[in-house]
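Let me begin by presenting the structure, written as structure tokens, before commenting on it.
The values are calculated or read from the model by the stated rules, or taken from the named source; none is laboratory data. Bear in mind the structure is a predicted one, so any value in this text is a computation, not a measurement. With ideal geometry, Cβ positions are generated from the backbone for all residues, glycine too; neighbour counts draw on all protein chains shown. What goes into the accessible areas is simple: the full protein's heavy atoms, side chains included, and nothing from ligands, DNA or RNA. Shrake-Rupley method; radii C 1.70, N 1.55, O 1.52, S 1.80 Å.
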Amino acid sequence: MGSASSSYRVIYLDVDGRIQKVVFSRFCSPCDIKELFCTALGVPRNTNLSLLDSSGAMVSIDPTMPHNTERSPYRVVPMTGGQLADKEELFQNVLTQVAEQFSRAFKINELKTEVTNRLAMLEKRVELEGMKVVEIEKCRNDIKKLREEMASRNNSNFLEDNKKLTPRRDVPSYPKYHLSKETIEALRLSTFDAWQWEPNEMLSCLEHMYHDLGLVKDFNINPITLKRWLLCIHDNYKNNPFHNFRHCFCVTQMMYSMICLCSLQEKFTQVDILILMTAAVCHDLDHPGFNNTYQINARTELAVRYNDISPLENHHCAVAFQIFSQPDCNIFSNFDPEAFKQIRQGTITLILATDMARHGEILDSFKQKVDSFDYTDEEHVTCLKMVLIKCCDISNEVRPMEVAEPWVDCLLEEYFMQSDREKSEGLPVAPFMDREKVTKPTAQIGFIKFVLIPMFETVMKLFPQIEEAMVQPLRESRDRYEELKQIDDAMNEVQKKKSENLTMGGKKK
């Protein structure tokens, strides 16, 4: 953990003529430090601030900011609306350009115009024409159906959108990037930073993994079919804050990393390796951004279709094999029916294992096998593959802090979107998803301590080489979030006492 002097920074602020001492961990992000300053200043946490030294020069708000003393405090100045106007205008221009590009790509404007015109025509008939009661009722029903159609288009799932199923024939549809030696080596490591890569580049990296593992050669996969399949996979991940194509890539890259680090090709068959990689690619296809609990409580179409049993994971499997049913996207076309059946069953088993509701059941089963693990026992091997995809699915905290932390923000954003909808629909809300109750440290500490570390430590019994690369980073992440929680608790206590003093002062008057 290190000494207090190395773990914490002390900065002095001038707040309305009084000196405010602020203590924070050297691990804090600039955003966390800004929120501390906002609390000290007594302004909302999302207020934009300028930090000025004694000479009036601006100081960057981050953990490396220059040390100061009580005699030379920094002055904190909230930025006014006028100062933010230029940034706001630039942001609005970017949003407008993005909206126009999406509008052209998906022809949304044409659809809206068509539906709006039809609605206007029908509503005018209802309001202005003297029709018989039966005709009016029929017209209203038509309007209702049109509105429902428009809503369903805005929230359509994969099975209703046949456009996504159409394989791309203009291959190569994405540029074939020449991967440098450094990139090829980095892809094999759990420290790989996917935030630096665009979707087309990630597609090329996925393509490289299939070639590098020998899957294309060993199973005679048509390289053009592999390209079309990966493009179709990309098109069928929604643009959610967390469950999106970048998450798909990260899970698959971590699986590739574990295959390399643990020398799994020496222990598994190539068919097993193909199943592991393909299940990772497909494991969250067409994820709607709302979890199984919401699906079941809201009685959605998916929950009804799959009888409340892992509705999302069953849907991901169905979408995956609907893509494979397209000849131009079927990378398994050279397999005989019996071999394809084995691939299909293995892939489905792994994707269904990613339902966290089954976490305890799967991990307990693996713990019973790990001390006497037998690679010739099919049940043992299947259980290990289930645990491996589970590790990869929730492996963000294995990566370096600067790579892992943005994923926490993305996940919380998706959680908050769900809890807001649950509140508006009168559905139960999980505390760990409620924006009014959860913080980053509280969200991560329990998950790392009681889910991630026990699972990775169990896998470490079979593969000791993951301790340095994966288990130790998890322990460091746990310690960092526990430090941040202590700071949050201390700040909350100070704020509480400040409020109590203000209340007591008011009563004395």
Next item on the list: Check off (1) surrounded by fewer than 21 Cβ atoms within 10 Å (Cβ to Cβ); (2) in a helix (DSSP H, G or I) for P241 and give me the number that stays unchecked.
Entry: (2)
Notebook entry, point to check: Is there a residue in region 389-407 that is aliphatic (A, V, I, L, M) and touching an Asp or Glu at 6+ places or on another chain (Cβ under 7 Å)?
Noted result: yes
Item checked: Positions within region 382-394 being buried (at least 19 other Cβ atoms within 10 Å of the Cβ) and either touching a Pro at 6+ places or on another chain (Cβ under 9 Å) or more than 14 Å from C250 (Cβ to Cβ) (or both), in sequence order -> C383, L384, K385, M386, V387, L388, K390
Checklist line | region 54-88, residues that are surrounded by 10 or more Cβ atoms within 10 Å (Cβ to Cβ), among the charged types (D, E, K, R) and at pLDDT below 85 | finding: D62, K87, E88
Notebook entry, point to check: Could you list, in sequence order, the residues of region 293-309 that are open to solvent by 20 Å² or more (accessible area, probe 1.4 Å) and not aromatic (F, W, Y)?
Noted result: T293, I296, N297, A298, R299, T300, E301, V304, R305, N307, D308, I309
Check: Is it the case that region 27-34 has a residue that's of a type in the set (F, W, Y) and more than 25 Å from K497 (Cα to Cα)?
Finding: yes
Check: For L36, all conditions in the list (1) surrounded by 13 or more Cβ atoms within 10 Å (Cβ to Cβ); (2) more than 22 Å from V494 (Cα to Cα); (3) not basic (K, R) hold save one; what is the number of the exception?
Finding: (2)
Next item on the list: Collect the residues in region 221-249 that are over 17 Å from E313 (Cα atoms) and of a type in the set (V, I, T), keeping them in residue-number order.
Entry: I221, I224, T225
Item checked: Among residues of region 325-353, those that are open to solvent by 10 Å² or more (accessible area, probe 1.4 Å) and either closer than 16 Å to V281 by Cβ or not in a helix (DSSP H, G or I) (or both), counted -> 12
Check: Just for region 357-367: of the residues that are under 26 Å from the mean Cα position of the chain (by Cα) and open to solvent by 80 Å² or more (accessible area, probe 1.4 Å), which one is farthest from T458 (Cα to Cα)?
Finding: A357
Next item on the list: Give the residues of region 425-442 that are assigned to a helix (DSSP H, G or I) and either open to solvent by less than 20 Å² (accessible area, probe 1.4 Å) or modelled with pLDDT of 95 or more (or both), sorted by residue number.
Entry: M433, P441
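Here are some residues: E422, E397, E413. Which one is under 15 Å from the mean Cα position of the chain (by Cα) and open to solvent by less than 20 Å² (accessible area, probe 1.4 Å)?
One residue alone meets the criteria, E397.
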